[in-house]
Structures are given as structure tokens and as C-alpha cells.
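Written out below as C-alpha cells is the structure these notes cover.
The values are calculated or read from the model by the stated rules, or taken from the named source; none is laboratory data. Because the structure is predicted, anything quoted here is derived from the model rather than measured. Here the Cβ positions follow ideal geometry from the backbone for every residue, glycine too, while neighbour counts run over all protein chains shown.
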Amino acid sequence: MKGKRISISITDLMPLFVLLAVSLIFGVLTKGLVFSKGNMINIINQSVPYFIAALGMIFVTAMGGTDITCGSIIGFAGSLAAMAATEISVWLMFPCAIVVGGLVGLFSGTIVSKFKVPSFMVTLSLLLALRAAVSWLLNAENILVTREMMVFDRMWVKFPILIGLLIVFTYIFHYTPFGSYLHAIGENEMAVGHTGVPVDKVKIAAFAISGALAGVAGVFTVVRLGGASNTMGSSMEMKVMLCMFLASIPVEGGAGTKMHKMIIGVLTYFILDNGLTLMGGASIINQMIRARVLLAALTLTRVVGEQSERRNAQKRLQQEEQAALAQR
């Protein structure tokens, strides 16, 4: 009995190639400092909120949707969680942030699915509304974290939580009917609807998951920064999206949306960002270098992916022609 043939496309491997290239370049330029124990711990500390926010966002992206509310949810849910922790109990931080983020996602998903409003427009409107709500809530004041809250910034606390979330939601995303529905909607939403799949409910659930995990990311952002402020979470949604698209996750969703790509994308972004910081130099120059490297990586990944898809399409066409000739 022949073993099952495993097929790995170049598109799946491109994010890994980009990660290895970026790691090698900055490993040489920083003389290995980027891979020192202390620096790797620093990278993990910085990237935890982004991993968690991207873990939620990928559920929406798989359907071909867009959710750019994670930064504002991080600010809003994180601020409310900090208030609940300081005024009531530190153990209310996570429940408060999850409920607030989940409700925002639930609202987004309902508007998108029931009223057929494009997800980009819905989440952009909510981004602006939530950012204003954060300013009103804090009233130009900062909420400082307490010593009890700082326990959530310890590596032995946040890292197991991150690994646990990755395991649970990766299983849901790749090995459950719900995850299959997400990818199928990204491929052809109309066809999925005709099979009896509750498309609206799947969409609402995906946005709710995205919002809830953004709320969790808000807790880790608060304790990492030492408090909540009006600008907390600002522009984080753009960085999370960069991490995902840097890993060749297709904007249109579908089968090409895979969890391992997201993980590689976040690591690539933070090794790049950290490497530039270690090298020193003016922040403006670093931003220009960062933008060019990201643009080059995105372009290369996209071009290679399209060429791979074109070759696969040609192979399928040749196989179909050969099969047709064999039948004659």
C-alpha cells in the first residue's frame, strides 16, 4: 500500500524563506545579538499581543473579510479591564476584556452579515468610534497598573497563555467544521450558502472571536505598557495586518489562509523591527528601511505565489488534456 503523497507548494514555504532571510541578515549585521537570550525574550514579550490579535483576525480574513478594529478594541477593552482591576478586582481583567471585545465583534459581525455592509466600512467606522470612546473614558488621564496586575506581564504567565490559545484556536481553525466553513466562505460564499451552511452565523461567530481575542491582547498591552492611555493600541491593527500579509496570507481568504503562516509572519516582523532597533540609527531612517523591506517581502511573496498558482493551473490543464486523450 502506497503512502499518501504530501504536497507542499512554494507559496506555503515562502513565509519561511522570508523569515530565514531576515533572521540571517540581522544575525550577521548585529553580530548575533538579535538571537541572544535576553533579546529573544524581549521579542516574545513585545509580540504576545500581536500574536493574540492576529490569532483572532485570521478567522475573519479566512472568509475574505476585513477587521481593522483590533487596535481600538485593545485600547477600549484594555482600558475598561484596567478600570475593573483597579476598582474591583484584578481577576476581572480578562473576563471584562473578553466580554467587551466579544460584544464589539458580535456587533460588527451582525452588521456585516445581516445588513450586507462591507466589513471594511463597518470596522473602520467602529475603529473611529471606539477610539473616541477611549478618549472620553479616560478623559486625558492614565490608569496605572497595580503590582497585582503586573503578574500578567511575567513570562511564565503570558507565554503558557499564548501557547494555549494558539493550540486551541489552531485546532478550531483547521480541524473543525466551523474552520472548514470559514475557508469555504472565502472560496465561494454563494456556493456555501446553497449547501445549507448558516453563513450569517459563521460570520458573526468569526467577528466575535476576533473581538474577544483583541480584548485579551488589550490586557497584555496594558500590563506591558504599565497603564492605559488614550493612544494605547493606536495603529496596532495596521501592524497586525502587515504581519499577516507578510506571511502571504491572501486578502481574499480561502484555503491559502493558514495558521502557521500567521505565526511566521509575526516572528518575521518583530525580528526585522528588533534588528533595526539594535543597529541604531535615526528612527526616520529605520522606518524607511522597515517599509522597503516589508514592501519587498510582500511583493516577492505575491509574485512567487502567483507564478506557483499559474504553474499549478497549467499542470492541471495538461492532466485534464491527457485524461481526455486517454478516453478517446
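For segment 220-231, residues that are closer than 12 Å to G71 by Cα and modelled with pLDDT of 95 or more total 1. So, in segment 22-35, exactly how many residues are exposed (fewer than 15 other Cβ atoms within 10 Å of the Cβ) and either of a type in the set (D, E, K, R) or closer than 9 Å to T268 by Cβ (or both)? Going through segment 22-35 one residue at a time, the tally reaches 1. Considering segment 210-265, and only residues there that are β-branched (V, I, T) and in contact with a Leu (Cβ under 9 Å, 6 or more places away or on another chain), the residue that is nearest to I143 (Cα to Cα) turns out to be V216.
Considering only residues that are surrounded by fewer than 16 Cβ atoms within 10 Å (Cβ to Cβ) and under 23 Å from the mean Cα position of the chain (by Cα), look in segment 303-321 and name the one that is modelled with the highest pLDDT. The extreme case among them is V303.
Pick from M244, M232: which is in contact with a helix residue (DSSP H, G or I) (Cβ under 9 Å, 6 or more places away or on another chain) and assigned to a helix (DSSP H, G or I)? Even if it seems obvious, please write down each step before you answer.
On the way: M232 fails: assigned to a helix (DSSP H, G or I).
Just one listed residue meets the conditions, M244.
Of the candidates G164, G193, the single residue that is within 23 Å of I264 (Cβ to Cβ), in a helix (DSSP H, G or I) and of a type in the set (G, A, S) is G164. When F207, F220 are screened for being aromatic (F, W, Y), over 21 Å from Y175 (Cα atoms) and in a helix (DSSP H, G or I), only F220 passes.
Right, I204: buried (at least 17 other Cβ atoms within 10 Å of the Cβ), at pLDDT 95 or above, over 18 Å from I52 (Cβ atoms) and of a type in the set (A, V, I, L, M) or not? Against the criterion (buried (at least 17 other Cβ atoms within 10 Å of the Cβ), at pLDDT 95 or above, over 18 Å from I52 (Cβ atoms) and of a type in the set (A, V, I, L, M)), I204 qualifies. All conditions but one from (1) crowded, with 17+ Cβ neighbours inside 10 Å; (2) touching a Lys or Arg at 6+ places or on another chain (Cβ under 9 Å); (3) not basic (K, R) apply to H174; the one that does not is (1). Of all residues in segment 253-298, those satisfying the criterion of being assigned to a loop (DSSP other than H, G, I, E, B), out of contact with any Gly (no Cβ under 7 Å at 6 or more places or on another chain) and either buried (at least 22 other Cβ atoms within 10 Å of the Cβ) or in contact (Cβ under 8 Å) with a residue 12 or more places away in the chain (or both) are A255, G256, K258.
Here are C70, C96: which of them is modelled with pLDDT of 95 or more, on the phi < 0 side of the Ramachandran plot and within 16 Å of the chain's Cα centre (by Cα)? Explain how you work it out, then say what you get.
Numbers: C96 fails: within 16 Å of the chain's Cα centre (by Cα).
None of the other options fit; the residue is C70.
Scanning segment 174-183 for residues that are among the hydrophobic types (A, V, I, L, M, F, W, C) and within 10 Å of G64 (Cα to Cα) yields a single hit, L182.
Considered as a group, the residues in segment 99-116 that are over 20 Å from the mean Cα position of the chain (by Cα) and β-branched (V, I, T) include one that is nearest to E148 (Cα to Cα), and that residue is T110. Sort out which residues of segment 109-128 are exposed (fewer than 14 other Cβ atoms within 10 Å of the Cβ) and within 13 Å of I68 (Cβ to Cβ), and write them in order of number. Within segment 109-128, P118, F120, M121, L128 qualify. Here is the figure for segment 54-72: residues that are small (G, A, S) and either more than 17 Å from V266 (Cβ to Cβ) or touching an Asp or Glu at 6+ places or on another chain (Cβ under 6 Å) (or both) total 4. Taken over segment 238-252, residues that are at pLDDT 90 or above and surrounded by fewer than 23 Cβ atoms within 10 Å (Cβ to Cβ) amount to 3.
Within the span defined as segment 148-156, one or more residues are outside any helix (DSSP H, G or I) and under 22 Å from F51 (Cβ atoms). For segment 44-62, residues that are of a type in the set (V, I, T) and either surrounded by fewer than 20 Cβ atoms within 10 Å (Cβ to Cβ) or out of contact with any helix residue (DSSP H, G or I) (no Cβ under 6 Å at 6 or more places or on another chain) (or both) total 2. Checked against (1) surrounded by 13 or more Cβ atoms within 10 Å (Cβ to Cβ); (2) touching a residue at least 40 places away in the same chain (Cβ under 8 Å), M155 meets all criteria but (1).
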